[in-house]
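One structure below.
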Amino acid sequence: MSTVRPAVLDQIGNTPLVRITRFDTGSCTLLLKLESQNPGGSIKDRIGVSMIESAEREGKLRPGGTVVEGTAGNTGLGLALVAGAKGYRVVLVVPDKMSTEKVVHLRALGADVRMTRSDVGKGHPEYYQDYAARLASEIPGAYFVDQFNNPANPLAHETGTAPEIWAQTGHDVDAIVVGVGSSGTLTGLTRFFRKVQPQLEFVLADPVGSILAEYTRSGHIGQAKSWAVEGIGEDFVPTIADLSGVRAAYSIADQESFSTARELLRREGLMGGSSTGTLLASALKYCQAQTRPKRVVSFVCDTGTRYLSKVYNDQWLIDQGWLQRRSFGDLRDLISRRAEDATVVSVAPEDTLLTAFQRMRLYEISQLPVLEHQQLVGVIDESDLLMTVQADAEQFRSPVRSAMTPAPQTIAPTANIFALRAILDRGLVAMVADEDGFHGLITRFDLLNHLRRSLK
């Protein structure tokens, strides 16, 4: 291992602080600290450096060692960046709700990623932190980072993030809006500002389903539920958490978090992740509730580029029921990609089979409607492709017309669910069409997703 400090680590911190001007902030000034500008794309780069270098100084992590942690994503990316640059092996346990972009990024950094369940709580063997602790005990020379109990976590913010905010605001700040995952940010900021400005108010931004907002209001630890926002919210109070400075707390639903993050991009040109939406929604509520001008700081916690498949993906939001579209009150409401919305993925009869294959792969689907002048003339699926090209790959150059199933059976939008089930139970895809033309496909997954959205 090289003893030279990697240059990239010196680029962590000293992130910009910018004013928000295109949202209603009442009488307040709202400033966002762009932690998305760190090399690893999030605020967690700061604790990655702090915890790794602390472990090195204390002899807990030695050359050739392995860094192990359970993480919702960004801490893992910070650790993978820092530990990888220093030459350590990195093993990370991540819950299965994490965005695809984060997992791909972790693996690109060389991390060994172990996926586990996101629907279980602390104490369950598949809970990501417990799983990581168990792995660390089994790997020789492993260092279990344990961000939730690691004093170097809040120290990174007490000695880095907080002094930066204090300097960038000219020693003029009245409130800071934060989320809590491990609680390192809140605890570190609280320790610093308790010394320099004891009157500063902390505002907790929490996803609906987390127990933390209610805990700060009543001292009661309720029953946690699930939420989709990544990186903040908990089903327990972290050991290192200092919540003593919290003066207000907001519980923000997933849909509001995602829509607020999207609005931040549209209005201010700032692309943050799902937790940024939670923080901004809370900050706006706090600002609008104030009766006198205040200077309020919050964070763009991480870059939104690692949420392109979720927060910024209309189709994913529609599937979750979080992006509203026209309701017809018939089978068209079950169609994931509707012709009416110009989102149908299709091919034309004269397109090549290679084109059909590439579209199936790009959109991760197994069949395509064949449309000619917006009318349904056939359907082609992966078995049609395979039968045609398996003996001669040159057949990929053949037109779709040569392999498609012509004049497929259709179902009217007004048909009932039993008629739909009859088609799906035969292993077919339902082609929804009537005299107005083709409306879209319904698969068994679409039906399952429709039934899932009815859960309360």
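The values are calculated or read from the model by the stated rules, or taken from the named source; none is laboratory data. Source: prediction; values computed, not measured. Here the Cβ is made from the backbone with ideal geometry for all residues, glycine too, and neighbour counts use every protein chain on show.
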Is it true that some residue in the stretch 113-122 is closer than 21 Å to Ile211 by Cβ and free of Cβ contacts under 8 Å to residues at least 12 places away in the same chain? yes
Name the one entry in Gly26, Gly40 that is surrounded by 24 or more Cβ atoms within 10 Å (Cβ to Cβ) and part of a loop (DSSP other than H, G, I, E, B). Gly40
Exactly one of Tyr250, Tyr215 is part of a helix (DSSP H, G or I), without any contact (Cβ under 8 Å) to a residue 60 or more places away in the chain and surrounded by fewer than 23 Cβ atoms within 10 Å (Cβ to Cβ), and that residue is Tyr215
Mind checking whether some residue in the stretch 289-297 is touching a Gly at 6+ places or on another chain (Cβ under 8 Å), outside any loop (DSSP other than H, G, I, E, B), over 15 Å from Arg262 (Cβ atoms) and not assigned by TED's automatic domain parsing to the domain that holds Glu394? yes
Among residues of the stretch 157-196, those that are over 20 Å from Gly231 (Cβ atoms), outside any helix (DSSP H, G or I) and either of a type in the set (D, E, K, R) or in contact with an Asp or Glu (Cβ under 9 Å, 6 or more places away or on another chain) (or both), counted: 3
Give the number of residues within the stretch 326-343 that are surrounded by 14 or more Cβ atoms within 10 Å (Cβ to Cβ) and outside any helix (DSSP H, G or I). 7
How about the stretch 350-456: which helices (runs of 4 or more DSSP H) wholly inside it have at least 2 residues that are closer than 19 Å to Arg337 by Cα? 353-363, 417-424, 444-453
Do we have any residue at all in the stretch 302-311 that's among the aliphatic types (A, V, I, L, M) and under 20 Å from Val177 (Cα atoms)? no
Looking only at residues in the stretch 123-145 that are under 22 Å from the mean Cα position of the chain (by Cα) and outside any helix (DSSP H, G or I), which one is surrounded by the most Cβ atoms within 10 Å (Cβ to Cβ)? Tyr127
